[in-house]
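K.L.:
For reference, the structure I am asking about is given below.
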Amino acid sequence: MTTNTKHELSFTEAKNKLGLVARVQRKLRTAGKQRVFVTPQPAASATPPIFIIGVHRSGTTLLRLVLDSHSRIAVPRESVFLLPLSEMWRDETALLGLSGLGFEADHVLYKLRELSDYFFNSYAAGRNKPRWADKSPQYVDCLDFIEKLYGPSCKYLFIYRNGLDVACSIGTRKVFKLAKPHQDACGDPFLGAARYWSAQCQKMLQFEQAHRARVFTLRYETFVHSPEAIARKLFEFIGEPWEPQVLEFHKQEHDTGFLEDPIASMSKGFQPSLKNYEKLPPELVQGMKREARGMLQQLEYEVE
């Protein structure tokens, strides 16, 4: 190979390298202007889920045990799983970051539902049941997210209980962080609990008014006095056949966990727990009524 030929090869190699560098630099300059858009693939349809919604100490555990006793429905103890997902969904920074990766809001929502379905469907399959329900009182604070996630495919069971009994139950607990802001504002655990109950019920009523066709409403007091009549209507609403063993939920096996109230979980049937607030000092009860009067009247509970 002659000297001139070597020089020509060196020049050609150098030119190619410079061309490669230029192409890489152009890619880097335009990278910020281009984004990949990922197209979600359609998911297989699932059996419509059910969500049990109610303020803490309102009978949600009782309702869970009844549904979990049905041969087709699996209801775990409180998972609170969707609440942190809803917080991520509301985080604009997180959504912008995912958008920068090419995942727009609809795709993110699709993947969050896919994640939720994976866990709950797997749980139901492990129980040899085709349908699942989720019971977490904290979901009162993320009903809008659940609706975005599942939309018209899901059904809601809303349970209400006399706010004075709810406040009495919450107030007797030393620590109840969800009601703490209201308790701190009132300077009393019972008055704050009554205010907390009222605020949570207001959220439920607003959602119920917007989605009446998919919300079944029941009262704890009526349920414990006429369980079969209410339960039959409930199962008809969610499209499941009637099974008498749901009324003997205490004779069925249920999964255990650590987030749910152990006393309620060990209930031996429909044992009414009513007007416990009457054991409190009269002046305290009057204060609780002042805090919750408007909602008590709206839900048609007697207020003296």
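K.L.:
What base-10 log of the normalised intensity I(q)/I(0) is obtained for region 206-253 from the Debye formula, alpha carbons as equal point scatterers, at q = 0.13, 0.17, 0.30 Å⁻¹?
P.N.:
With one equal scatterer per Cα and no solvent, log10 I(q)/I(0) is -0.37, -0.60, -1.14.
K.L.:
Ordered by residue, what ³J(HN,Hα) values in Hz, to whole numbers, does region 124-139 give under the Karplus form 6.51 cos²θ - 1.76 cosθ + 1.60, where θ = phi - 60° and Gly and Pro are x?
P.N.:
Along region 124-139, the couplings run 4, 4, x, 9, 6, 10, x, 9, 10, 10, 10, 10, 8, x, 5, 5 Hz.
K.L.:
Moving on. Kindly put Glu304, Glu248, Glu78 in sequence by how many other C-beta atoms sit within 10 Å of each C-beta, fewest to most.
P.N.:
Glu304, Glu248, Glu78
K.L.:
If N is the number of residues in region 70-128, what value comes out of its Cα radius of gyration divided by 2.2 N^0.38 Å?
P.N.:
Numbers: Rg = 14.5 Å, N = 59, 2.2 N^0.38 = 10.4 Å.
Dividing the Cα radius of gyration by 2.2 N^0.38 Å gives 1.40.
K.L.:
Taking a 21 Å limit on the Cα-Cα distance, which of the listed pairs Lys148/Lys203; Lys155/Lys275; Lys148/Lys180; Lys135/Lys203; Lys203/Lys289; Lys233/Lys275 fall beyond it?
P.N.:
Numbers: Lys148/Lys203 16 Å; Lys155/Lys275 30 Å; Lys148/Lys180 29 Å; Lys135/Lys203 17 Å; Lys203/Lys289 19 Å; Lys233/Lys275 26 Å.
Table pairs above 21 Å Cα-Cα are Lys155/Lys275; Lys148/Lys180; Lys233/Lys275.
K.L.:
So for region 172-239, what percent of the C-alpha to C-alpha distances run longer than 14 Å? Display every interim value, and only then the final one.
P.N.:
Values: 1568 of 2278 pairs.
Cα-Cα pairs of region 172-239 separated by over 14 Å account for 69 percent.
K.L.:
Using a 10 Å cut-off on Cβ atoms, rank the peptides 127-139, 94-106, 57-69 from the highest mean neighbour count down.
P.N.:
Details: 127-139: 20.2, 94-106: 13.2, 57-69: 24.3.
The most tightly packed comes first, giving 57-69, 127-139, 94-106.
K.L.:
If amide hydrogens are placed 1.01 Å from N in the peptide plane, which non-local residues have theirs closer than 5 Å to the one on Trp132?
P.N.:
Here Ile50, Ala74 satisfy the definition.
K.L.:
Could you name the aspartates and glutamates whose alpha carbon sits less than 18 Å from that of Lys251, not counting residues in the same chain fewer than 8 places away?
P.N.:
By straight Cα distance, Lys251 reaches Asp68, Glu228, Glu243.
K.L.:
Using 0.36 nm per residue of separation minus the Cα-Cα distance, give me the extension gain between Asp91 and Asp106 in nm, one decimal. Walk me through the numbers on the way to the answer.
P.N.:
Numbers: separation 15, 0.36 × 15 = 5.40 nm, distance 1.46 nm.
Length gained between Asp91 and Asp106: 3.9 nm.
K.L.:
If I stretch the segment between Phe81 and Glu278 completely, what's the gain in nm (0.36 nm per residue apart, minus their alpha carbon distance), one decimal?
P.N.:
Numbers: separation 197, 0.36 × 197 = 70.92 nm, distance 3.58 nm.
Result for the pair: 67.3 nm of gain on full extension.
K.L.:
Here's something else I'd like to know. Hey, what do the phi angles of region 98-115 turn into as Karplus ³J(HN,Hα) couplings, whole Hz, using 6.51/-1.76/1.60 and θ = phi - 60°, x for Gly and Pro?
P.N.:
3J(HN,Hα) across region 98-115, in whole Hz: 5, 4, x, 8, x, 9, 7, 4, 5, 5, 4, 4, 4, 6, 5, 5, 4, 5.
K.L.:
May I ask for the equivalent-ellipsoid semi-axes of region 94-149, computed as the square root of five times each C-alpha gyration tensor eigenvalue and listed largest first in whole Å? Kindly include the intermediate steps, with their values, before the conclusion.
P.N.:
Values: eigenvalues 133, 49, 12 Å².
Working through the eigenvalues yields semi-axes of 26, 16, 8 Å.
Just so you know, all these numbers are worked out from the coordinates, no wet-lab data involved. Not measured: the values here are computed from a predicted model. Heads up, the Cβs are rebuilt from the backbone with ideal geometry, glycines too, and the neighbour counts pull from every protein chain shown.
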